[in-house]
Amino acid sequence: MPSLTDYDPISLTVFAALALLSMAALTVCLFKTIQFQRLGVGRSDRTDDILEAWLGGRPDEAIRAASDGDTVGTRVLQAVLAGLRARPNDAAYAEELGRNAARREMGLLERRMRVLEAVVQGAPMLGLLGTVIGMIDAFSTLSLSQGAVDSTLLASGIWVALTTTAAGLAIAVVTFFIAIWLESRIEMERQVLESAVSTAVHGRVQSGRTR
């Protein structure tokens, strides 16, 4: 196995860039995980309780619970219930308030997800670039050699070149599956918010514990 000294400056630069990409992906993943936990993504208990109170004829209790605004669902329902209180006979107004609030919350959840997309797309290309440049360098050395070619030296050069592609693909694959998991949670939250808005405005129970 080649040592660190076998890597040329370009390959080392590529590895440094890949390391930065992996650190960026890891930072975003940790940030989104903490953010989702703090905002209660995937937990609809508070939303269900508010809807139960509202549809059960306890509007003051529902509005009081929604006023906490500590989760995505409560903030959206706070906007909906405020609209229903302000204009009891204008369901479209309350629904629009709720959908606008939901769009703002979804924008917050989707923030920085493009960083993961950039890592998934950029890491393999960067690794391939390092491999191509490394192969060019290896065969350039081969073309300049005189007499018998040291096959061990050539194999070592090719191995060094290919490791950049392997590293880029590994980073991209791991980031891809993490991004898919985060995006699935965002999509599920979008569906929950849409259902909550419709249930609060039209009184139709679509999901959750609300009756």
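Consider residue 77 carefully, then state whether it is surrounded by 15 or more Cβ atoms within 10 Å (Cβ to Cβ), in contact with a Phe, Trp or Tyr (Cβ under 9 Å, 6 or more places away or on another chain) and closer than 17 Å to residue 191 by Cα. Spelling it out, residue 77 is indeed surrounded by 15 or more Cβ atoms within 10 Å (Cβ to Cβ), in contact with a Phe, Trp or Tyr (Cβ under 9 Å, 6 or more places away or on another chain) and closer than 17 Å to residue 191 by Cα. Please determine, by comparing only the residues of segment 64-91 that are under 20 Å from residue 41 (Cβ atoms) and in contact (Cβ under 8 Å) with a residue 40 or more places away in the chain, which one is nearest to the chain's Cα centre (by Cα). Checked segment 64-91; the qualifying residue nearest to the chain's Cα centre (by Cα) is 72. Looking at the structure I just gave you, is residue 95 at pLDDT 90 or above and touching a Lys or Arg at 6+ places or on another chain (Cβ under 7 Å)? Against the criterion (at pLDDT 90 or above and touching a Lys or Arg at 6+ places or on another chain (Cβ under 7 Å)), residue 95 does not qualify. Which residue is surrounded by the fewest Cβ atoms within 10 Å (Cβ to Cβ), if the candidates are limited to segment 90-137 and must be under 21 Å from residue 203 (Cα atoms) and aliphatic (A, V, I, L, M)? Across segment 90-137, the extreme among qualifying residues is 92.
In segment 39-55 there is at least one residue that is small (Gly, Ala, Ser) and in a helix (DSSP H, G or I).
The values are calculated or read from the model by the stated rules, or taken from the named source; none is laboratory data. Given the structure is predicted, the values throughout are model-derived calculations rather than measurements. Counting neighbours? That spans all protein chains shown, and the Cβs are built from the backbone with ideal geometry, glycine included.
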